[in-house]
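Undergrad: Let me begin by handing over the structure; questions about it come next.
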Amino acid sequence: MALLTLLAVVTVAIIMQRSLFGVVVLFSIYSFLMASVMMVLDAVDVAMTEASVGAGVSTVIFLATLHLIKTTEMRQVNVKLAPMLLSVVTGGALIWGSMILPPFGRASNPIHQHVAPHYLENSIKETTVPNVVTSVLADYRGFDTLGETTVIFTAGIGVLLLLRGARRRGRNGEDRDAS
Amino acid sequence: MFAGAAAAILVALALAIVRAIKGPTVFDRVLAGNTVGSLSIMLLAVFGFLTDRPEFLDVGLTYGFLNLIGTLAVLKFFRYGDLAYDADSEPRS
């Protein structure tokens with residue numbers, strides 16, 4: 001609970017922060033707090049990913065971006081009342097809607113009664129994969145995973161093409177022979 | 001005892017975050033970020049012992065490496081203004 005409070009404080013600070021570098025540091029702090037929350041929630045693998053991607057890699061990427069773009073300080077945005085009211089109302093409605101959800105993590109919840117028992121009992125017989133998580137990801141939800149990998153593959157191709165274009169133009173023309 | 005340690009770490013975490021938010025200079029922020037990383041490693045270890053699963057220590061070690069990378073990148077950025085700085089290719093003049 002204390003961790004979540006700190007998380008909220010850091011989030012508000014990120015929004016209020018005017019210096020972009022401070023935002024980068026706060027993002028790193030946010031990732032570490034989020035990883036700790038994941039750890040407390042017993043999701044060690046997600047926590048590991050959050051720490052490595054959020055705190056490690058994206059800090060470096062953000063800094064590199066800060067180096068590439070010019071950083072100008074925007075003037076203070078004046079708070080508009082109507083959108084703020086709208087988002088507060090929407091958030092309140094969502095919280096109110098979450099009141100009637102079944103309690104978190106109980107084994108008799110509907111989400112654990114639909115297909116999960118079938119997977120747990122029949123995954124070896126139907127897919128001959130010893131790991132249930134792998135069988136769900138790669139077999140029962142095979143098309144979903146195929147779509148995900150297609151998206152990531154396309155994004156990778158796009159980034160590679162962009163980088164190649166930047167390299168070919170070069171800054172002083174001396175990068176031309178590198179390709 | 002572990003619960004007390006966890007509470008103390010949470011308090012320290014809050015103090016470090018206050019410094020990161022207020023921090024007048026860049027180095028306050030860098031140090032606060034690094035401190036938060038270290039504190040979350042400690043929190044991880046204490047939490048592992050609190051729930052009788054000391055294997056969380058391995059995850060904490062990984063956090064340590066990542067924290068080092070992030071802080072190194074930030075400091076290098078401020079020393080040279082460039083992440084890809086190479087000490088050998090420094091212009092002579």
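The values are calculated or read from the model by the stated rules, or taken from the named source; none is laboratory data. Bear in mind that the values here come from a model prediction, so they are computed numbers and not experimental data. Cβ coordinates were reconstructed from backbone atoms using ideal geometry, including for glycine residues, and neighbour counts include every protein chain displayed. What goes into the accessible areas is simple: the full protein's heavy atoms, side chains included, and nothing from ligands, DNA or RNA. Shrake-Rupley method; radii C 1.70, N 1.55, O 1.52, S 1.80 Å.
Undergrad: Please list, ordered by residue number, the helices (runs of 4 or more DSSP H) wholly in the range A:55-161 having 2 or more residues that are among the small types (Gly, Ala, Ser). Before you say what the answer is, go through the steps one by one.
TA: Numbers: elements: A:58-68, A:81-97, A:116-127, A:132-135.
Result: A:58-68, A:81-97, A:116-127.
Undergrad: Would you check which residues across the range A:5-24 are at the interface with chain B (Cβ under 9 Å from one of its Cβ atoms) and touching a residue at least 24 places away in the same chain (Cβ under 8 Å) and list them?
TA: Listed by number, the residues that qualify are A:Leu6, A:Ser19, A:Phe21, A:Val24.
Undergrad: Would you confirm whether or not the range A:74-96 contains a residue that is within 22 Å of A:Met16 (Cα to Cα), at pLDDT below 80 and either among the hydroxyl-bearing types (Ser, Thr, Tyr) or within 27 Å of the chain's Cα centre (by Cα) (or both)?
TA: yes
Undergrad: Just a yes or no: is a residue in the range A:80-99 out of contact with any Pro (no Cβ under 8 Å at 6 or more places or on another chain) and facing chain B (nearest Cβ under 8 Å)?
TA: no
Undergrad: On to the next question. Given the residues A:Thr71, A:Thr49, which is the only one that is at pLDDT 80 or above, open to solvent by less than 100 Å² (accessible area, probe 1.4 Å) and hydroxyl-bearing (Ser, Thr, Tyr)?
TA: Step by step, each of A:Thr71, A:Thr49 is checked, and only A:Thr49 is at pLDDT 80 or above, open to solvent by less than 100 Å² (accessible area, probe 1.4 Å) and hydroxyl-bearing (Ser, Thr, Tyr).
Undergrad: Also, I was wondering about something else. Could you list, in sequence order, the residues of the range B:24-41 that are modelled with pLDDT under 80 and either crowded, with 21+ Cβ neighbours inside 10 Å or at the interface with chain A (Cβ under 7 Å from one of its Cβ atoms) (or both)?
TA: Across the range B:24-41, the qualifying residue is only B:Val26.
Listed here are the residues, each with its yes/no results for (1) open to solvent by 90 Å² or more (accessible area, probe 1.4 Å); (2) within 30 Å of B:Lys76 (Cβ to Cβ).
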| position | (1), (2) |
| --- | --- |
| A:Val79 | yes, no |
| A:Ala82 | no, no |
| A:Leu85 | yes, no |
| A:Gly92 | no, no |
| A:Ile95 | yes, no |
| A:Tyr119 | no, no |
| A:Tyr140 | no, no |
| A:Ala155 | no, yes |
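Undergrad: Also: Report every pair of residues separated by at least 6 positions or lying on different chains whose Cβ atoms are under 6 Å apart, first residue within the range B:2-21 and free of Cβ contacts under 8 Å to residues at least 60 places away in the same chain, second open to solvent by 30 Å² or more (accessible area, probe 1.4 Å) and of a type in the set (A, V, I, L, M, F, W, C).
TA: Pairs that qualify, where the first residue is free of Cβ contacts under 8 Å to residues at least 60 places away in the same chain and the partner is open to solvent by 30 Å² or more (accessible area, probe 1.4 Å) and of a type in the set (A, V, I, L, M, F, W, C), are B:Phe2/B:Phe49; B:Phe2/B:Leu50; B:Ile9/B:Met42; B:Leu10/A:Ala2.
Undergrad: I'd like the full set of residues that are of a type in the set (Val, Ile, Thr) and either within 16 Å of B:Gly64 (Cβ to Cβ) or not in a helix (DSSP H, G or I) (or both), limited to the range B:10-53.
TA: Residues satisfying the conditions are B:Thr25, B:Thr35, B:Val36, B:Ile41, B:Val46, B:Thr51.
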